[in-house]
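What follows is a short report on a single structure.
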Amino acid sequence: MSVAFTKEDSAETASETLLPDRPISPHPNLVTAAGLAALERQLQQARDAYDAAQAVEDVNERRRQAAIPLRDVRYFAARVRTAQIVADPTSTDIVAFGSTVTFQRDDGRVQTYRIVGEDEADPNAGSISFVSPVARQLTGKAVGDEVTVSGQNIEIVSIS
């Protein structure tokens, strides 16, 4: 019987289910202890999803369902392997990795963010990456200092 009439693995199907790796930041992989725990949790979830996909009988469907978890396993394994835990700051005199900073913008808005690693940053939840423009400008500054970010002045109100 010709291969054209069988449901076999094909190179074309395989290439359709191999996803490119998620981009890895060129910056050091600094994390808080909670950030490392979150990375480890996400790695385990990706492994669990990959294992679940392996139970699918149809090989093409199995590949489709395993593609994203496999990509995520590669990403999170690399991030866990390269993670550099940074202890919480011992001083609130200057802004550092792990600090929670409250600042006021020119337009009167007051915002509070914790400076964390790239994978754990979530501005909607009150955390920003240490490589973000705001965090880079604030790091090393003290209460009362003003910095300019994207043409707007911000003043540090408190550090905790």
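Listed values, structure above:
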| item | result |
| --- | --- |
| Any helices (runs of 4 or more DSSP H) falling wholly within the stretch 9-109 and containing at least 1 residues that are among the aromatic types (Phe, Trp, Tyr) | 33-53, 59-82 |
| Test: residue in the stretch 48-70 that is under 30 Å from ILE156 (Cα atoms) and of a type outside the set (Asp, Glu) | no |
| One residue from ALA67, ALA49, ALA78, ALA83 being in contact with a strand residue (DSSP E or B) (Cβ under 8 Å, 6 or more places away or on another chain), farther than 22 Å from THR148 by Cβ and not acidic (Asp, Glu) | ALA83 |
| Test: residue in the stretch 145-152 that is crowded, with 19+ Cβ neighbours inside 10 Å and assigned to a loop (DSSP other than H, G, I, E, B) | no |
| Matching residues in the stretch 107-135 - criterion: being of a type in the set (D, E, K, R) and either surrounded by 15 or more Cβ atoms within 10 Å (Cβ to Cβ) or at positive phi (or both) | ARG114, GLU118, ASP119, GLU120 |
| Number of the condition not met by VAL86 [criteria: (1) of a type in the set (Val, Ile, Thr); (2) surrounded by fewer than 17 Cβ atoms within 10 Å (Cβ to Cβ); (3) under 29 Å from GLN45 (Cα atoms)] | (2) |
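Conditions (1) at pLDDT below 95; (2) hydrophobic (A, V, I, L, M, F, W, C); (3) over 18 Å from THR139 (Cα atoms), marked per residue:
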| site | (1), (2), (3) |
| --- | --- |
| THR6 | yes, no, yes |
| LEU18 | yes, yes, yes |
| PRO28 | no, no, no |
| ALA49 | no, yes, yes |
| VAL59 | yes, yes, yes |
| ALA66 | no, yes, yes |
| THR82 | no, no, yes |
| THR92 | no, no, no |
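The values are calculated or read from the model by the stated rules, or taken from the named source; none is laboratory data. The shown structure was predicted, so the numbers you read here are calculated from the model rather than taken from an experiment. FYI the Cβ positions are ideal-geometry reconstructions off the backbone, even for glycines, and counts take in every protein chain you see.
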